[in-house]
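For reference, the structure is listed below as structure tokens.
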Amino acid sequence: MKKNKHFSKFIKLVLYLLLFIILNSCARSGNPLRSDWLLTESQRDSAVFSKYHHYNIGTNFISTSDSLPLYSHLPGIVVLTNVSDTTIYLKEGMDFIVTEIFKPLDFKERGIDSVWLRVASDNMHLGWVEENVMLEKSTPISPISQLITKFSGRHIYWFYFIVAVSGLISAFRKYRRKKMWFLHFKDIYSIYPTVFMACVATSASVYALIQMYAPDLWVEYYFNPSLNPVGKPFIIALFLCLVWLCILLLITVIFELYEKVSFEDAASYFVSLVAWAGAVYIVLTFTIPIYVGFLFYIIYISYIVYKYKSIKKHI
């Protein structure tokens, strides 16, 4: 009876998620399709730029550095003598918008980058910045894009890996000393932790495959992010569905812990679960591109299924 009760809770969470996705997708109405023959030359150029650069005039960014320079005019351009040659530096956290795109045909002869952008900040300062510099020192203003930036650096990965391993060691010491609940060592009898870890491992593998075989799709998603998988390319939609499923399963595990063990044991088990999930995600993300991760994935999935079956036999 209890098993059906917990399963019904999970089904309700899934239904709420599906309702959210459906309502979110219905709220948007796509732009009507227009033939290229009806577009002006500048509009076609703009569409081509957006296709290859993934942003365009009107895109909002936020500065992530205190040294983002904005020049009063383009280098190599002759200006009037009464125009001051000044450089403005945007502060970290200031948002700005792209107002003009300049791509001269003779950019190599000018000795400048192929694309320069004119931007306007909150304080209405206008200036020019190289595209490469702008992309390096800013992110799209969407919170999802900012989150992707924070989690995409390799040094950040190593930091989270160290934190995850430290959490595992700390929780394991408590388990050895007090015999508290700990994932893969003293498990609760529930299918949800096993499915959660399998989902985390699968989402890490899918993310690594995107980086290997469809990096342009990920860049496009980075500039135009959404939590709604509807309308996204298949592999991006699959990754988003796995992320949502991980969240739902984690909530379900919390319900299971609340009803089956004490608060102290639940806290120990939850810390071990999250630490294991972080370590598995990072290891697979790094090892899938060198193909060793596929073997790790098969071994780990087989291991957690074996552990669940062994727990089931002893109940």
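Taking into account only those residues within segment 132-170 that are open to solvent by less than 40 Å² (accessible area, probe 1.4 Å) and outside any helix (DSSP H, G or I), which is modelled with the lowest pLDDT?
So, considering only residues that are open to solvent by less than 40 Å² (accessible area, probe 1.4 Å) and outside any helix (DSSP H, G or I), the one modelled with the lowest pLDDT is G153.
Taking only pairs six or more apart or across chains, which ones have beta-carbon atoms under 6 Å, a first residue in segment 50-70 that is assigned to a helix (DSSP H, G or I), and a second residue that is surrounded by 14 or more Cβ atoms within 10 Å (Cβ to Cβ)?
Note: pairs meeting the criteria are S50/N56.
Please identify the pairs in which a residue from segment 231-254 that is at positive phi has its Cβ atom under 7 Å from the Cβ atom of a residue that is surrounded by fewer than 18 Cβ atoms within 10 Å (Cβ to Cβ), counting only partners at least 6 apart or on another chain.
Matching pairs, first to second residue: G231/S25.
Please identify the pairs in which a residue from segment 275-294 that is under 11 Å from A208 (Cβ atoms) and among the acidic types (D, E) has its Cβ atom under 6 Å from the Cβ atom of a residue that is modelled with pLDDT of 90 or more and open to solvent by less than 60 Å² (accessible area, probe 1.4 Å), counting only partners at least 6 apart or on another chain.
none
Looking at segment 177-234 only, could you name the residues that are in a helix (DSSP H, G or I), over 30 Å from S50 (Cα atoms) and not hydrophobic (A, V, I, L, M, F, W, C)? Give the steps one after another, and end with the answer.
Looking only at segment 177-234, we keep the residues that are in a helix (DSSP H, G or I), and these are 177-178, 191-213, 215-223, 234.
Okay, now just the ones that are also over 30 Å from S50 (Cα atoms), so 177-178, 191-202.
Hits for segment 177-234 are R177, K178, Y192, P193, T194, T202.
Output the number of residues of segment 280-295 satisfying the condition of being over 23 Å from the mean Cα position of the chain (by Cα) and closer than 15 Å to S203 by Cβ.
Number of matching residues: 0.
Would you check which residues across segment 184-232 are under 19 Å from T252 (Cα atoms), aliphatic (A, V, I, L, M) and at pLDDT 90 or above and list them? Spell out the reasoning first.
Restricting attention to segment 184-232, the residues satisfying the condition of being under 19 Å from T252 (Cα atoms) are 184, 186-203.
Remaining after also requiring aliphatic (A, V, I, L, M): 188, 191, 195, 197-198, 200-201.
Matches in segment 184-232: V195, M197, A198, V200, A201.
Only one of F234, F185 is surrounded by fewer than 20 Cβ atoms within 10 Å (Cβ to Cβ) and farther than 25 Å from W276 by Cα; which? Show your work before the answer.
On the way: F185 fails: farther than 25 Å from W276 by Cα.
None of the other options fit; the residue is F234.
Restricting the search to segment 252-262, which residues are closer than 13 Å to P193 by Cβ and open to solvent by 60 Å² or more (accessible area, probe 1.4 Å)? Give the derivation first.
Kept after step one, since they are closer than 13 Å to P193 by Cβ, are these residues of segment 252-262: 252-257, 260-261.
Once the filter is applied, which keeps residues that are closer than 13 Å to P193 by Cβ and open to solvent by 60 Å² or more (accessible area, probe 1.4 Å), segment 252-262 yields I254, F255, K260.
Identify all residues within segment 263-308 that are modelled with pLDDT under 85 and open to solvent by 60 Å² or more (accessible area, probe 1.4 Å); write none if there are none.
F263, E264, V271, listed by residue number.
The values are calculated or read from the model by the stated rules, or taken from the named source; none is laboratory data. All figures in this text were calculated on a predicted structure; none of them were measured in a lab. Glycine also receives a Cβ, built like all others from the backbone with ideal geometry; neighbour counts cover every protein chain displayed. Surface accessibility is based on the protein's heavy atoms, side chains included, excluding ligands, DNA and RNA. Shrake-Rupley method; radii C 1.70, N 1.55, O 1.52, S 1.80 Å.
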